[in-house]
Amino acid sequence: MRRVATPLLAAVALVLGLAAAQAVDRRALPPNARKETARIALGRRLFYDGDLSIDGSMACSTCHLQHHGFAEGQRSHPGVTGEAGRRNVPGLANVGERRSLTWGDGSIRTLEAQALVPMLGTHPVEMGMKGQEAELARRLGRNACYARLFRAAFPQEQGAIGLPTVTRALAAFERSLVSRDAPADRFARGDASAIPAEAQRGAALFRGHCASCHAGPDFTDDRFHAVATGAPDPRDRGLGDVTAKTRDQDRFRTPSLRNVAVAAPYFHDGATETLTEAIRRHKGMTLRSDEEAVLVAYLEALTDKSFLTDPKLAYPDGPCEAD
Ligand code: HEC
Ligand code: HEC
């Protein structure tokens, strides 16, 4: 596996990994749970592996950073060929719950299908692996830990290494990106002291002004709305570019607001720097500045520190998880 920027470290970690035997308690699990555990471990290694890009320079984690809630902190990120990124990188907290994926395409409904977009996509080129499926299988197959993990994760497929199993493993890891322990969650579960009074006033305002779209446990209705003020960018008309319907122009999927305070900049184009500006950028949103301030306090209470620092979701520098 290729650690982006520091491949040597990955090699050392791998050697250490092969020497250690940490898998003892996994063998006690029932077969399906063992398979799922192996898929998550494999998907995590793949998520952090530069070998998923043509020149080894880019992993999923190059753009999706844990301490930003798996968003990025930049307006957009160029692909391996230097082609500019088209959109802001969204966070991945609870992404397994989304009904459709990406900012503006209602037809991408599974994580398995979505993973092909950055790997093989050409609009724009991100990881540049189109037509390189055999090369990918060859690279991953060279790695003894991967060979064992693919066998543990996909026994019915005889551990086959290819896009179908790679994308299923990535999806299993992504479904483990669960964030449900922000102060606002603890407040919602009845701990009245979990968030400051200001944020509590913000929570009440949020219910009135925001929750129609930022609905449910992840603060999204998974629907597409045209909310951004200002002239639309003719190069990105959101859902309208996919459906070619006038009424879908400039509609984007309501983003989840989990960990939003650490995921600036905002909106599909990443053109909005702060939470206050993000609130003001909604069409027809006229709030007093004290109302904006309490709303921002509430949005800040959606940061789940344990999710941002959970070592189980970080770069896998421990021993190989295969049995
Ligand atoms: C070059 C930066 C970049 C890389 C590398 C990258 N992504 Fe992304 N990712 C993005 C951007 C930008 C979007 C939004 C795309 C859009 O809306 O059209 C996105 C969207 C997503 C989404 C949809 C999230 C949602 O809420 O709808 C998932 C899931 C995802 N990426 C997973 C991955 C995986 C898995 C990999 C590695 C195989 C990966 N990404 C590699 C930039 C990147
Ligand atoms: C009509 C539906 C709707 C309502 C009501 C609404 N939003 Fe949004 N919100 C959206 C959509 C859609 C976007 C993304 C728009 C885009 O990228 O063009 C968004 C973007 C955001 C963002 C940026 C998040 C990110 O990751 O880029 C924040 C923050 C936000 N909204 C907060 C709020 C708050 C706070 C309220 C209430 C004061 C509110 N929204 C009301 C639909 C809505």
field: Computed lengthening from L287 to K245, 0.36 nm per intervening residue step minus Cα-Cα distance
entry: 11.9 nm
- request: Name the long-range amide H neighbours of R251: under 5 Å, sequence gap of 5 or more, or other chain; modelled H, no Pro or chain starts.
  value: L239, G240
statement: Mean Cβ-within-10 Å packing, highest first, puts peptides 168-181, 188-201 in the order 168-181, 188-201
- prompt: If one puts a single equal scatterer on every Cα of the chain and applies the Debye formula without solvent, what log₁₀ I(q)/I(0) results at q = 0.08, 0.09, 0.14, 0.16 Å⁻¹?
  reply: -0.40, -0.50, -1.12, -1.34
field: Mean Cβ neighbour count within 10 Å, used as a protection proxy, ranking 274-286, 133-145, 81-93 highest first
entry: 81-93, 133-145, 274-286
- prompt: To the nearest 500 deg cm²/dmol, what mean residue ellipticity at 222 nm is calculated for the chain from DSSP H runs of n ≥ 4 alone, each contributing -39,500 (n - 2.57), summed and divided by the residues?
  reply: -11000 deg cm²/dmol
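If you rank I54, I161 by how much accessible surface each has, with a 1.4 Å probe, what is the order from largest down? If you can, show how the numbers build up before the last one.
Working: I54 65, I161 45 Å².
Accessible-area ranking of I54, I161, largest first: I54, I161.
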task: With an 8 Å cut-off on Cα pairs and a minimum separation of 6 or more residues, tell me the relative contact order of the chain in percent.
output: 25 percent
- prompt: For helix 111-120, what angle does its Cα long axis make with the longest principal axis of the chain, in degrees from 0 to 90 and rounded to 10?
  reply: 80 degrees
statement: Taking 0.36 nm per residue of separation between E157 and D317 and subtracting their Cα-Cα distance, the length gained on full extension comes to 54.9 nm
message: Once you place label points 7 Å from the Cα toward the Cβ at R189 and E83, how far apart are they in nm?
response: 4.4 nm
query: Residues with beta-carbon under 14 Å from that of L116, excluding L116: net charge, scoring Lys, Arg +1 and Asp, Glu -1?
result: -2
message: Taking 30 Å as R0, compute the FRET efficiency from the Cβ-Cβ separation of D233 and H67 and round it to 0.05.
response: 0.55
task: Excluding F252 itself, calculate the net charge of residues whose Cβ lies under 15 Å from the Cβ of F252, where each Lys or Arg counts +1 and each Asp or Glu counts -1.
output: +4
message: For a quick check of understanding: with a 1.4 angstrom probe and all protein chains in place, what accessible area in square angstrom does T229 have, to the nearest ten?
response: 60 Å²
Cα lying deepest toward the dipole's positive end in the chain, options P30, V4, N88, charges on Cβ: P30
message: Once the cut-off is 30 Å, how many percent of the Cα-Cα pairs in the range 7-178 end up in the long-distance tail?
response: 16 percent
message: Once you compute Rg and the Kirkwood Rh from C-alpha atoms, what is the Rg to Rh ratio for the range 166-323?
response: 1.02
field: With every protein chain in place, the chain: carbon and sulfur % of accessible area (1.4 Å)
entry: 55 percent
Positive dipole terminus of the chain, leading residue within A160, A197, G79 (C-beta point charges): A160
statement: Within the chain, the cysteines whose Cβ lies no closer than 4.7 Å to any other cysteine Cβ are C60, C63, C210, C213
query: If you put +1 on each Lys and Arg Cβ and -1 on each Asp and Glu Cβ, how big is the dipole of the range 7-178 around its Cα centre, in Debye rounded to 20?
result: 480 debye
statement: Rounded to the nearest 10 Å², the 1.4 Å probe accessible area of H77 is 40 Å²
- request: Find out how many positive minus negative residues lie around T274, taking Lys and Arg as positive, Asp and Glu as negative, among other residues whose Cβ is under 12 Å from that of T274.
  value: -2
field: Computed log₁₀ I(q)/I(0) - Debye formula, equal Cα scatterers, no solvent, the range 86-133, q 0.20, 0.22, 0.28, 0.31 Å⁻¹
entry: -0.72, -0.85, -1.19, -1.28
- request: Go through A41, C60, W103 and say which Cα lies farthest out towards the positive end of the charge dipole of the range 7-178; charges sit on Cβ, +1 for Lys and Arg, -1 for Asp and Glu.
  value: A41
query: Using a 1.4 Å probe, how large is the accessible area of D317, given in Å² and rounded to the nearest 10?
result: 100 Å²
message: Using only the alpha-carbon atoms, how far is helix 144-153 inclined from the longest principal axis of the chain? Give it as 0 to 90 degrees, nearest 10.
response: 70 degrees
message: Between D181 and A197, what is 0.36 nm times their sequence separation minus the Cα-Cα distance? Round to one decimal in nm.
response: 3.9 nm
- prompt: Assuming R0 = 35 Å, what is the FRET efficiency of A28 and R138, from their Cβ-Cβ distance, to the nearest 0.05?
  reply: 0.50
query: Any idea what the dipole of the range 194-299 comes to, in debye rounded to 20, about its Cα centre with Lys/Arg Cβ at +1 and Asp/Glu Cβ at -1?
result: 300 debye
query: Under the definition of Cα pairs under 8 Å and six or more residues apart, what whole-number percent is the relative contact order of the range 7-178?
result: 28 percent
field: Cβ-placed point charges (K, R +1; D, E -1), dipole of the chain about Cα centre in debye, nearest 20
entry: 700 debye
- prompt: Just by accessible area at a 1.4 angstrom probe, what is the order of Y48, Y146 from largest to smallest?
  reply: Y48, Y146
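The values are calculated or read from the model by the stated rules, or taken from the named source; none is laboratory data. Because the structure is predicted, anything quoted here is derived from the model rather than measured. We place every Cβ from the backbone using ideal geometry, glycine too, and count neighbours over all the protein chains shown. Just so you know, the surface numbers come from the protein's heavy atoms only, side chains and all, with ligands and any DNA or RNA stripped out. Shrake-Rupley method; radii C 1.70, N 1.55, O 1.52, S 1.80 Å.
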